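The values are calculated or read from the model by the stated rules, or taken from the named source; none is laboratory data. This is a predicted model, so every value here is computed, not measured. Because the Cβ atoms are built from the backbone with ideal geometry, glycine has one as well, and the counts that use them run over all protein chains shown. In case anyone asks, the SASA skips ligands and DNA or RNA and just uses the protein heavy atoms, side chains included. Shrake-Rupley method; radii C 1.70, N 1.55, O 1.52, S 1.80 Å.
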Amino acid sequence: VWKILNLNLKKNKLFTRAERLISLRNLRPKKKEGFLKVISIFSFLGIMLGVAILIIVMSVMNGFKTDLTKKILGLNPHIIIESNGFKIENEFIENLKKKFQHINISKTYSGEGIVVSNDNAKGIIIKGVDSNNKESLSFLEKNVSKGNLNKFKKNTAFIGAELAFNLDLKIGDKINLMSSAFVATPFGGLPKQETLTVAGVFNTGFYEFDQNFVFLNLSDALSIFDKEEHDQNLEIYLTNPMKADSFKNEIQKLNQNYFVYSWSDLNKSFFSALKVERNVMFIILTLILIVAAFNIISGLTILIKNKTKEIAILKTLGLSNNSIKKSFFLTGFTIGLFATITGILLGVIFALNIEKIRNILSNVFNFEIFPSDVYFLEQLPSEINVYSIIIIFIFSLIISALASYLPAMAISKMKTFRALKYD
């Protein structure tokens, strides 16, 4: 009984020993078949590089999205409630605290302005925060690089590191801030401006943020924009920022007069563009795999043409058409399989060390490959996603399987007597 079971197991194998031996022989072409060897090598290299490049690009784009999301969540409140012309009552704030536990609420006001210093001017975003609220100062506390938060008092400002560098400012220097509010004078309306002292410098690593934001005390911000306390807005920070949209809808139900929006609303078009770009890059780069697959098709077609006599002999000896087709299919699929595995290993290694490679290439060619002022990040991000690797692996195997199957089907059309006619 055991012998019968063992025999049945051998018969039920996907590829028999004979089929594997024929495939192995095809993978070792003779010296006179050097052209086939060249095609096999190019097929292997094409699929390997295609898979590696796909993994590297997808890893960089995943890392880019993750890093930007973290930066955005670290730089912006998760939910913003604007007064929209209505005073935000203390009763509304108390209701928020009762209904939603473990949320941090702070008062703020923001607007556009101009900073003038050392005969230089720059358009900026002026943001007023409540210096008496520890939660409001948590951002500055995490990112301050120079100065002390204890000196963040009335008529003082915290500026970004890039803005300080561009305007040649240091702690203790005076700056003039002009807002969009106008003051009536005998000579007409003039922009309201105030002189403040630089009390500190923050550095988030986000180039655009560090060169465009200035933090003031809330009272100074309201004053420079000629606003009252009832004009100030609320910022809410959640323990799980990804649930901001559901919280936003619940908050809006409490009072329809206020304008409520989340961090995802502010960056919806940006993340949509990233998603489209990622999908387009995936489609474009898979063309490398398709081109490499054509090498497999041409290589197997030539191989089958050269092996016509051998195939006829195998048929004469009793090997079925199906077995011969499977052996040649296995030849092409083996190239694709090992090329895919090698490409995954190469891509993962490259993705893990991409920042080191970038620095080496930048130093060798004296060229900035990943400028922070363009891409908003100081270093090239990379995040390996197992799900993406599995998709690339399966997609590569499907292409290799199709490229191997099409030439193998031609074997069934061969006539054995014609191949042996002149032997």
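The order of the peptides 385-394, 354-363 by mean Cβ neighbours within 10 Å, most packed first, is 385-394, 354-363. Under a model in which nothing but the beta-carbon of Lys, Arg (+1) and Asp, Glu (-1) is charged, region 209-317 shows a dipole of about 1620 debye around its Cα centre.
Phi-derived couplings, Karplus 6.51 cos²θ - 1.76 cosθ + 1.60 at θ = phi - 60°, listed residue by residue for region 155-163: 6, 10, 9, 10, 10, x, 4, 5, 5 Hz, with x used for Gly and Pro. Oblate is the label for region 124-247, because a/c, from the alpha-carbon gyration tensor with a ≥ b ≥ c as root eigenvalues, is 1.5 or above and a/b does not exceed b/c. Over region 234-286, accessible surface divided per residue gives 59 Å², non-protein components excluded, 1.4 Å probe. Rounded to the nearest whole Hz, the Karplus-based 3J(HN,Hα) values (6.51 cos²θ - 1.76 cosθ + 1.60, θ = phi - 60°) of region 40-51 follow the sequence 4, 5, 5, 4, 4, 5, x, 5, 4, 5, x, 5, with x at glycine and proline. Summarising the amide proton neighbourhood of residue 156: residues at separation of 5 or more, or on other chains, whose placed amide H is nearer than 5 Å comprise 197, 217.
Each part reduced to its alpha carbon centroid, region 103-118 and region 72-98 end up 16 Å apart.
Amide H contacts for residue 124 (H built 1.01 Å from N in the peptide plane; partners 5 or more residues away or on another chain; cut-off under 5 Å): 113, 114, 115. Accessible surface comparison of 66, 156, probe 1.4 Å, protein chains only, largest first: the order is 66, 156.
Kirkwood radius for region 181-310, taken over all pairs of different Cα atoms as the inverse mean of 1/r, rounds to 22.0 Å. For region 297-302, backbone phi angles converted through the Karplus equation (6.51, -1.76, 1.60; θ = phi - 60°) give residue-by-residue couplings of 4, 5, x, 5, 4, 5 Hz, Gly and Pro being listed as x. Each listed q (0.13, 0.15, 0.19 Å⁻¹) maps to a log10 I(q)/I(0) for region 58-181, found by the Debye formula over equal Cα scatterers with no solvent: -0.73, -0.93, -1.25.
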